[in-house]
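The values are calculated or read from the model by the stated rules, or taken from the named source; none is laboratory data. The model shown is predicted, which means the values in this text are computed figures rather than measured ones. Because the Cβ atoms are built from the backbone with ideal geometry, glycine has one as well, and the counts that use them run over all protein chains shown. The area values use the complete protein model at the heavy-atom level, side chains included, leaving out ligands, DNA and RNA. Shrake-Rupley method; radii C 1.70, N 1.55, O 1.52, S 1.80 Å.
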Amino acid sequence: MIPILKKQVDHILNRIRETAYLYGRDMDEIQLIAVSKTIPPEMIREAIECGLKTFGESYIQESREKIASIADSSISWHFIGHLQSNKAKYAVKLFDLIHTVDSIKLAYELDRQAQKINKVQDILLQVNVGMEGSKSGAPPEYVLDLTKAISSLQHLKVKGLMAIPPVYNSPERVAPYFQTLRKLRDMIRNEKIPNIDMKELSMGMTGDFEVAIREGATLIRIGTAIFGERG
Ligand SMILES: *Cc1c(COP(=O)(O)O)cnc(C)c1O
């Protein structure tokens, strides 16, 4: 086992635990996703040795090779990158949860591909909370309609929302975006749309996960604090 990696994993788990305690959150409702994009399989295997079980990948081609090489069915893989419709067939084969569905076109294609392999694919809807032109994600005001449209698709199951807020050097400045995502989730949940399970909030990365936990995150995506700066 690589001592520095073990130390960093233990440290992040402690910080999550302490933050959950501080804000009265239940630890069982906060899941750590180790973001392993660009990290080689040998290092991911080491991270599995350290007790990590869920990994987030951003690129289809890279993850196909890595997931095949690690070949460990006890590990859960999440897709957190931008997904093009023409890669949907790979995504449904590889991932337990796809965080980044932001259009009806992509949803239809995922549903079609999931049907082919007899799977009900869990997904999150990515929301462009900062209304940034450069970023993926559905505009907040479109997410309810998107959810309703997806609710009729038999091979997709919406589990919640995901956001990548604008980058600030102070995590407190990101808090309003996390609140926007949570309010949107609560609003959609109250609509009680059939086949929709609006529970999860995927938000928070190395720089701002503590604020995200305070604001209700259920899935936090952490790369740098576990694996160090990406090369
Ligand atoms: C890379 C990435 C992360 C991890 O970011 P860190 O700052 O390294 O923790 C989280 N979420 C998404 C969508 C990413 O692309």
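Brief remarks on what is shown
- When Lys116 is tested against the conditions (1) open to solvent by 20 Å² or more (accessible area, probe 1.4 Å); (2) within 15 Å of the ligand (Cβ to nearest atom), the lone failure is (2).
- Condition check for Lys89: part of a helix (DSSP H, G or I), buried (at least 19 other Cβ atoms within 10 Å of the Cβ) and among the charged types (D, E, K, R): no
- Answer from Val129, Val174, Val143, Val158 - the residue that is part of a helix (DSSP H, G or I), aliphatic (A, V, I, L, M) and touching a strand residue (DSSP E or B) at 6+ places or on another chain (Cβ under 7 Å): Val143
- In the range 23-37, the residues that are more than 16 Å from the ligand (Cβ to nearest atom) form Cβ pairs under 8 Å with partners that are outside any loop (DSSP other than H, G, I, E, B) and of a type in the set (A, V, I, L, M, F, W, C), at six or more places apart or across chains, as follows: Tyr23/Ile213; Arg25/Ile213; Asp26/Ala20; Met27/Ile16; Met27/Ala20.
- Search result, residues across the range 41-67 that are out of contact with any helix residue (DSSP H, G or I) (no Cβ under 7 Å at 6 or more places or on another chain), closer than 16 Å to Phe95 by Cα and in a helix (DSSP H, G or I): Gln61, Glu62, Glu65
- Filter pass, Met198 being touching a Gly at 6+ places or on another chain (Cβ under 9 Å), in contact (Cβ under 8 Å) with a residue 12 or more places away in the chain, within 11 Å of the ligand (Cβ to nearest atom) and within 16 Å of Leu125 (Cβ to Cβ): no
- Those residues of the range 218-230 which are within 12 Å of the ligand (Cβ to nearest atom) and either of a type outside the set (A, V, I, L, M, F, W, C) or buried (at least 21 other Cβ atoms within 10 Å of the Cβ) (or both), in sequence order: Leu219, Ile220, Arg221, Ile222, Gly223, Thr224, Ile226, Phe227, Gly228, Glu229, Arg230
- The C-beta contact set for the range 124-143 (first residue of a type in the set (Asp, Glu), second residue surrounded by fewer than 20 Cβ atoms within 10 Å (Cβ to Cβ), distance under 8 angstrom, 6+ apart or interchain) comprises Glu132/Pro166.
- Number of the condition not met by Lys135 [criteria: (1) away from the ligand (no atom under 16 Å from the Cβ); (2) open to solvent by 50 Å² or more (accessible area, probe 1.4 Å)]: (1)
- Residue within the range 4-18 that is touching a Ser or Thr at 6+ places or on another chain (Cβ under 9 Å) and either open to solvent by 70 Å² or more (accessible area, probe 1.4 Å) or within 21 Å of Met198 (Cβ to Cβ) (or both) present: no
- Counted residues, the range 22-68 - those being open to solvent by 50 Å² or more (accessible area, probe 1.4 Å), closer than 25 Å to Lys87 by Cα and among the hydroxyl-bearing types (Ser, Thr, Tyr): 2
- The listed residue being open to solvent by less than 50 Å² (accessible area, probe 1.4 Å), within 13 Å of the ligand (Cβ to nearest atom), touching a residue at least 12 places away in the same chain (Cβ under 8 Å) and within 19 Å of the chain's Cα centre (by Cα), out of Ala212, Ala175: Ala212
- Applying the set (1) over 20 Å from Met203 (Cβ atoms); (2) open to solvent by 20 Å² or more (accessible area, probe 1.4 Å); (3) at pLDDT 95 or above to Leu110 leaves exactly one unmet item: (2).
- Residue count, the range 178-202 (criterion: at pLDDT 95 or above, of a type in the set (D, E, K, R) and surrounded by fewer than 17 Cβ atoms within 10 Å (Cβ to Cβ)): 6
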